[in-house]
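The values are calculated or read from the model by the stated rules, or taken from the named source; none is laboratory data. Note that this is a predicted model, so its numbers are computed, not measured. Using ideal geometry, Cβ is built from the backbone for each residue, glycine included, and neighbour counts are taken over all protein chains shown.
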């Protein structure tokens, strides 16, 4: 995997980015295959992002991950987009194909679907699915979720108009409706996915009281130490199955690793290590 010039170099661009677990995750992946990789984080402002990316690859970088707030900008920099990245209008993984060619992929949605279905045993096909938020996080996961053919998808957002625009854009992929939080149907949904950043600030959406029931799977795409505000809120509403986005983080990273190295690492040991930390 490595040439004579030392380890392959990878980077995560974000702002802020210092608290990222990606170097730890990719370090554990590399050890599974005895790969020698150098994976660092780089905090770069939106104004400096394009220059930083081009510079990194000109200097021989092998691949990059991209996190907030740069995913849409990354889609504008690469030469070629995967169908998923084009649909999401956002890139979280850049692959260097040659000195002049960069390929952009979005592994967020696949990471989420893999965590839900393989790790947590959640059935997405035929389910009634409620997604909270109509920003970039939702846009990044909609297509892979719709590929699983849920029975119904509702996008709920503080500003209903944004939710409607997003629903319309993806309506060719399945049955999607849109509304404000308060207009969500007041009976238990099968799966509720929080794609807003509000949970990290301790806020939760104003949903009708019965939208979450005992059997509702509640998934917060955000993560941090301990339970998120959304997980606590879901448990308070009676949900027996509330999860945070650690698994999505690790699974999307494994998809990035596969794109760069041609092999997909085992994710279970990494999730176990994150749990212990």
| query | How about the range 111-120: which of its residues are part of a helix (DSSP H, G or I) and either over 8 Å from the mean Cα position of the chain (by Cα) or surrounded by fewer than 21 Cβ atoms within 10 Å (Cβ to Cβ) (or both)? | reply | 113, 114, 115, 116, 117, 118, 119
| remark: Given the conditions (1) outside the structural domain of residue 113 (by TED's automatic domain parsing); (2) surrounded by fewer than 20 Cβ atoms within 10 Å (Cβ to Cβ); (3) in contact (Cβ under 8 Å) with a residue 24 or more places away in the chain, every one holds for residue 264 apart from (3)
| said: Going residue by residue through the range 52-64, is there one that turns out to be in contact with a strand residue (DSSP E or B) (Cβ under 8 Å, 6 or more places away or on another chain), surrounded by 16 or more Cβ atoms within 10 Å (Cβ to Cβ) and within 21 Å of residue 134 (Cα to Cα)? | reply: no
| task | Please tell me if residue 29 is under 18 Å from residue 257 (Cα atoms), part of a helix (DSSP H, G or I) and touching a residue at least 40 places away in the same chain (Cβ under 8 Å). | result | yes
| note | Restricting attention to the range 87-104, the residues that are surrounded by fewer than 24 Cβ atoms within 10 Å (Cβ to Cβ), under 15 Å from the mean Cα position of the chain (by Cα) and assigned to a strand (DSSP E or B) number exactly 0
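I'd like the residue in the range 230-261 that is part of a loop (DSSP other than H, G, I, E, B) and in contact with a helix residue (DSSP H, G or I) (Cβ under 9 Å, 6 or more places away or on another chain) and, out of all such residues, is surrounded by the fewest Cβ atoms within 10 Å (Cβ to Cβ). So that I can check it myself, show each step before the final result.
Applying the first criterion (part of a loop (DSSP other than H, G, I, E, B)) to the range 230-261 yields 237-240, 245.
This time we only want the ones that are in contact with a helix residue (DSSP H, G or I) (Cβ under 9 Å, 6 or more places away or on another chain), so: 239, 245.
Working: 239: 20, 245: 25.
For the range 230-261, the residue satisfying everything is 239.
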| task | Could you check how many residues of the range 19-49 are loosely packed, with under 12 Cβ neighbours inside 10 Å and either within 18 Å of the chain's Cα centre (by Cα) or closer than 14 Å to residue 74 by Cβ (or both)? | result | 2
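Residues are listed down the side, and each one gets a yes or a no for (1) surrounded by 23 or more Cβ atoms within 10 Å (Cβ to Cβ); (2) touching a helix residue (DSSP H, G or I) at 6+ places or on another chain (Cβ under 7 Å); (3) under 21 Å from residue 159 (Cβ atoms):
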site	(1), (2), (3)
188	no, no, no
193	yes, no, yes
199	yes, yes, yes
204	no, yes, yes
210	no, no, no
217	yes, no, no
228	yes, yes, no
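Could you identify the single residue in 47, 74, 30 that is in contact with a strand residue (DSSP E or B) (Cβ under 6 Å, 6 or more places away or on another chain) and over 17 Å from residue 140 (Cα atoms)?
After applying the criteria, what remains is 30.
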